[in-house]
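Below is one structure, written out as structure tokens; comments come after it.
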Amino acid sequence: MSIKLPIPPKVELLITTDQQGKPVVNQYVLREIRVFFEAIFKILSLTINSIAWGSIGFTGSKLTDIETRRHENLQGVAELNTASVSVEKDKHLSNAQGKTWQDHMPMVSTHGIATPSVIVGTETAQTLKNKTLDGTNKYGSSATHLVVDDNGDAYFVGSGSGFPHGSMYATNAGIAVVITVADTFVEIGSGITGGLENLCTFQNAHEIKVTKAGRYFITYSISGQTASVANKEMEGAIMINNAAQSQGSAHAEVSPGGSNRPETVSGSGIFTLAVNDVVSLAVSNHTDTTDFVIEHLSLSLIQVGG
């Protein structure tokens with residue numbers, strides 16, 4: 001809507017002089033001024049509630065002309081667009097976004113992608129190739145984390161942290177293992193105590209279940225004897241899901257010269273384990289079907305690769 005205003009009077013003619021040179025008010029001009037402002041008042045009275053925003057000129061206006069300028073009172077504040085390279089400062093960060101940026105700042109030494117040696121929080125995936133993390137860096141929670149210091153040393157902080165690992169043992173246990181077939185491995189199925197675990201579970205009084213797939217270093221020892229017969233060869237082996245493994249197997253002649261004289265077999269190896277694989281120990285009688293009595297054993301495993 002356009003507004004047509006009346007022609008303003010010539011206010012410079014309002015004051016004139018009489019014949020004696022004294023200033024007098026030009027009544028005609030005064031009347032024209034009065035008529036002009038009455039017309040303006042009438043126009044404003046009719047249009048004050050319907051003046052189109054677009055008909056107002058904003059040339060030369062500034063945001064600072066507004067007394068209160070909080071972001072929440074503005075309309076159309078742009079949101080972040082990480083795919084854009086715009087340098088316009090027309091975006092608004094929430095408190096949560098600001099906190100994320102603040103938390104990320106200690107990991108960077110400059111804003112923007114400056115050099116190949118700097119890791120920058122751009123909200124896009126970046127590789128750690130050829131990057132340097134200066135100082136002591138922590139990965140994990142405040143209570144449980146991995147530390148890599150500026151000497152290149154790495155260690156874990158917090159109970160139960162670290163690489164996936166587990167252990168079990170038996171001491172003076174007297175576990176009877178019944179041999180029914182020679183040269184056949186029989187699982188040591190009871191009497192064992194669980195040790196320390198992380199991301200592994202000791203269960204059923206004789207086995208460890210892993211919860212993370214990968215390559216595990218496993219080491220063990222078994223001390224056994226016969227109850228009444230001397231000179232029997234006892235073989236020991238690591239079992240994975242009830243299957244004896246050739247890697248790490250060993251044997252010794254137990255009760256040499258008489259019964260109740262234990263000997264020890266031990267071994268180790270690196271094995272590929274899947275999630276929920278179960279690790280245990282087994283023995284076999286390489287000589288005949290004489291039973292064994294296990295007095296001591298231990299097994300430890302730790303993930304060494306993926």
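You will find that of Ser298, Ser284, the residue that is within 40 Å of the chain's Cα centre (by Cα) and assigned to a strand (DSSP E or B) is Ser298 and no other. Consider the range 204-219 and keep the residues that are in a loop (DSSP other than H, G, I, E, B) and touching a strand residue (DSSP E or B) at 6+ places or on another chain (Cβ under 7 Å). The one that is surrounded by the most Cβ atoms within 10 Å (Cβ to Cβ) is His206.
Give all pairs with beta carbons closer than 6 Å in which a residue from the range 189-208 that is among the hydroxyl-bearing types (Ser, Thr, Tyr) meets a residue that is surrounded by fewer than 17 Cβ atoms within 10 Å (Cβ to Cβ); count only pairs at least 6 apart in sequence or on separate chains. Pairs that qualify, where the first residue is among the hydroxyl-bearing types (Ser, Thr, Tyr) and the partner is surrounded by fewer than 17 Cβ atoms within 10 Å (Cβ to Cβ), are Ser190/Ala205; Thr193/Tyr169.
If you filter the range 1-48 down to residues that are exposed (fewer than 10 other Cβ atoms within 10 Å of the Cβ) and of a type in the set (Lys, Arg), you find that the one that is modelled with the highest pLDDT is Lys22. Per the conditions (1) loosely packed, with under 10 Cβ neighbours inside 10 Å; (2) at pLDDT below 65, the sole criterion not satisfied by Ile51 is (1). Within the range 159-170, not a single residue is in a strand (DSSP E or B), loosely packed, with under 14 Cβ neighbours inside 10 Å and modelled with pLDDT of 90 or more. The set of residues from the range 224-244 being in contact (Cβ under 8 Å) with a residue 24 or more places away in the chain and farther than 17 Å from Ser298 by Cα comprises Thr226, Ala227, Ser228, Val229, Ala230, Asn231, Lys232, Glu233, Asn241, Asn242. Within the range 151-181, being of a type in the set (S, T, N, Q) and under 24 Å from Thr219 (Cα atoms) holds for Ser159, Ser161, Ser167, Thr171, Asn172. Of all the criteria given as (1) buried (at least 17 other Cβ atoms within 10 Å of the Cβ); (2) in contact with a Phe, Trp or Tyr (Cβ under 9 Å, 6 or more places away or on another chain); (3) not polar (S, T, N, Q), the one not satisfied by Ile294 is (2).
The values are calculated or read from the model by the stated rules, or taken from the named source; none is laboratory data. Bear in mind the structure is a predicted one, so any value in this text is a computation, not a measurement. Please note: Cβ atoms are built from the backbone with ideal geometry, for glycine as well, and neighbour counts cover all protein chains shown.
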